[in-house]
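**Q** Below: one structure in structure tokens.
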Amino acid sequence: MTAGVDLAGISVDPVENNHAMVAKLLLPFPLLSDPEGRVIKEWGVWSDGDGGMAKPAIFAVRSDRSVGWTYVGRDFADRPPDDDLFASLRGAV
């Protein structure tokens, strides 16, 4: 991992579901719960189609709280290539 980078995930799932997901996938970072979708909507990654759904997104946030890089996927399986993600993290710190 890139030095100086902390990771966290945000999900609209309840806390109990997130605990189970972290344990199942052995995630090395916290998965925070936003069941009302407040943060997800504020960051513009909520889709009202299909009854409402969070788009997969990655935000590289600098220590000064500015956003260094953003990736918003089209659907649940859309993720950036690893090389793009790691390059963005090196530039975000």
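**Q** If I fit a long axis through the Cα atoms of helix 82-92 and take the longest principal axis of the Cα atoms of the chain, what angle between them do I get, 0 to 90°, rounded to 10?
**A** With rounding to tens, the tilt is 70 degrees.
**Q** Dipole of the chain, Cα-centred, from +1 at each Lys and Arg C-beta and -1 at each Asp and Glu C-beta, to the nearest 20 debye?
**A** About 220 debye.
**Q** Which net charge results when you count Lys and Arg as +1 and Asp and Glu as -1 among the other residues whose beta-carbon is under 15 Å from that of residue 21?
**A** With Lys, Arg at +1 and Asp, Glu at -1, the net is -2.
**Q** Over the chain, average the accessible area per residue using a 1.4 Å probe and give it in Å², no decimals.
**A** 73
**Q** Taking a cut-off of 21 Å, what percent of all Cα-Cα pairs in the chain are separated by more than that?
**A** 36
**Q** Please calculate the 1.4 Å probe accessible area of residue 42, with all protein chains present, and give it to the nearest 10 Å².
**A** Counting only protein heavy atoms, residue 42 exposes about 150 Å² to solvent.
**Q** I'd like the orientation of helix 15-25 relative to the chain: the angle between its Cα long axis and the longest Cα principal axis, in ° from 0 to 90, rounded to 10.
**A** For helix 15-25, the angle is close to 50 degrees.
**Q** For 21, 53, what's the largest-to-smallest order of accessible area, 1.4 Å probe? If you can, show how the numbers build up before the last one.
**A** Values: 21 80, 53 105 Å².
Ranked from most to least accessible, the order is 53, 21.
**Q** Here's a follow-up. Leaving out ligands, DNA and RNA, what percent of the accessible area of the chain is carbon and sulfur, probe 1.4 Å?
**A** Numbers: 3690 of 6810 Å².
Here it works out to 54 percent.
The values are calculated or read from the model by the stated rules, or taken from the named source; none is laboratory data. Keep in mind it's a predicted model, so treat the numbers as computed, not measured. For neighbour counting, all protein chains shown are included, and Cβ atoms are generated from backbone atoms with ideal geometry for every residue, glycine included. Accessible surface areas use protein heavy atoms only, side chains included; no ligands, DNA or RNA. Shrake-Rupley method; radii C 1.70, N 1.55, O 1.52, S 1.80 Å.
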